[in-house]
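A short worksheet on the structure shown next.
The values are calculated or read from the model by the stated rules, or taken from the named source; none is laboratory data. Because the structure is a prediction, the values reported are computed rather than measured. Methodologically, a virtual Cβ is constructed for each residue, glycine included, from the backbone with ideal geometry; neighbour enumeration extends over all protein chains shown.
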Amino acid sequence: MDMLHLFDAVAQPVFLVRDGLVTFCNDAAKKLLMEESSPASDYLQSPLAPDGGQQSVSVCIGKQTMHAVAQPYDGGMLVVVEQSPAAADNFALLNTAQALRGPLSLIFAATDPLIPLLQSAEDPSVRRYTGVIHRSLYQLLRATEMLELYAQAESGDLTPLVSCVDLCELLTELYQHAKPLLQTAQKNLTLSVPSGALYAPIDRRLMQKALLFLISNAAKFSPPDGEVRVRLTRGSRTAVIRIEDDGDGMSSGELSTAFSHFSDVPHLRDPRDGVGLGLLLAETILRLHNGRLLLQSTPANGTSVTCELPLGSKTDRREKKDPIGMLRSPNISKYLERPSGGFKTELVALSDVLPSSVYDPGSF
């Protein structure tokens, strides 16, 4: 086995220089567009010292300048880029989320043969308990997915696959799936869209998640029988999506830290906040689409979130719809490939809002 390939498991870029050429680079380096057999001078800010001893160097890979340590290895010089604390934290967070995903998928799969046995029991409370278990699993799936998205965004690995999408059609589809679900939580969802079509260049799957994060937040902080209003309008150069609620609202202090991550004092947090990344992720996804997210709120008067996206043209409609999956546990391999697996995106995104009865396997 080539021992160099053990470095593919290392988070930071590692490459080997022999006779002025890069003869090996690990997966992390390749992600930054480093190529094997290319001149080392393309990446090294200064030549390696001729004595071949351990030395500190600066490298530039993928337009990023980083510090590194070079040392003799296998007839060449092995260059190991120093990982910043923030990058290390993101890598650890992504690893943690992905480590949770495997056991979580197995738990989902294991419930399939167990649920019919449990529901055949005479105790009527068993059905209620199975709904609680399934809802909790969906909440774990949602939290895991949000942590993955956050880590990918922070490391610059969250890249939209853009195509021109009709926002009227996208919002109408979300509305049709989310409205009856929210009604089970005593929340009313309304939608207003212009006639015809309104196109924007977006990653349909990512934008769907961003909008559901915002709708979930609005529903969570709305009172019983509260209303969440979604309205799409056309600006001069942008499409404008406004999501409003009649909930608690936010103070000026809360508004100032609304897009901060992990900054809340634990004992002062509202239990409805969950992971606390929904608003931040939605804002990040808007920025990745050259859009912006604006937040307006006052205590006791609800919150209004405005999303602005550049307008597109209907001449390019090559879009990939995120298929609506089944509520039951998916095939494990498919689940590991896609963040929401074969689950309905709405049931994952709204799991902190919906009652456990929605997740009763007997109603599938």
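What the table shows:
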| quantity | calculated |
| --- | --- |
| Selection within the stretch 129-165 - more than 29 Å from Leu94 (Cβ to Cβ) and under 22 Å from the mean Cα position of the chain (by Cα) | Cys164 |
| Filtered residues of the stretch 21-34 (kept if surrounded by 13 or more Cβ atoms within 10 Å (Cβ to Cβ) and either free of Cβ contacts under 8 Å to residues at least 24 places away in the same chain or not charged (D, E, K, R) (or both)) | Leu21, Val22, Thr23, Phe24, Cys25, Asn26, Asp27, Ala28, Ala29, Lys30, Leu32, Met34 |
| Subset of the stretch 186-219 that is part of a helix (DSSP H, G or I), of a type outside the set (Gly, Ala, Ser) and touching a Gly at 6+ places or on another chain (Cβ under 8 Å) - its residue that is farthest from Val358 (Cα to Cα) | Leu214 |
| Hey, Ala239 at pLDDT 95 or above and among the aliphatic types (A, V, I, L, M) or not | yes |
| Test result for Glu173, assigned by TED's automatic domain parsing to the domain that holds Leu309, free of Cβ contacts under 8 Å to residues at least 24 places away in the same chain and more than 30 Å from Pro13 (Cβ to Cβ) | yes |
| Filter result (in a loop (DSSP other than H, G, I, E, B) and farther than 25 Å from Gly156 by Cβ) within the stretch 1-40 | Met1, Asp2, Asp19, Gly20, Ser37 |
| Every residue from the stretch 48-60 that is modelled with pLDDT of 85 or more and surrounded by fewer than 16 Cβ atoms within 10 Å (Cβ to Cβ) | Gln54, Gln55, Ser56, Ser58, Cys60 |
| Number of the exception - Asn331 against (1) modelled with pLDDT under 90; (2) closer than 23 Å to Ala185 by Cβ; (3) of a type in the set (S, T, N, Q) | (2) |
| Qualifying residue in the stretch 44-61 (condition: outside the structural domain of Asn95 (by TED's automatic domain parsing), part of a strand (DSSP E or B) and small (Gly, Ala, Ser)) | yes |
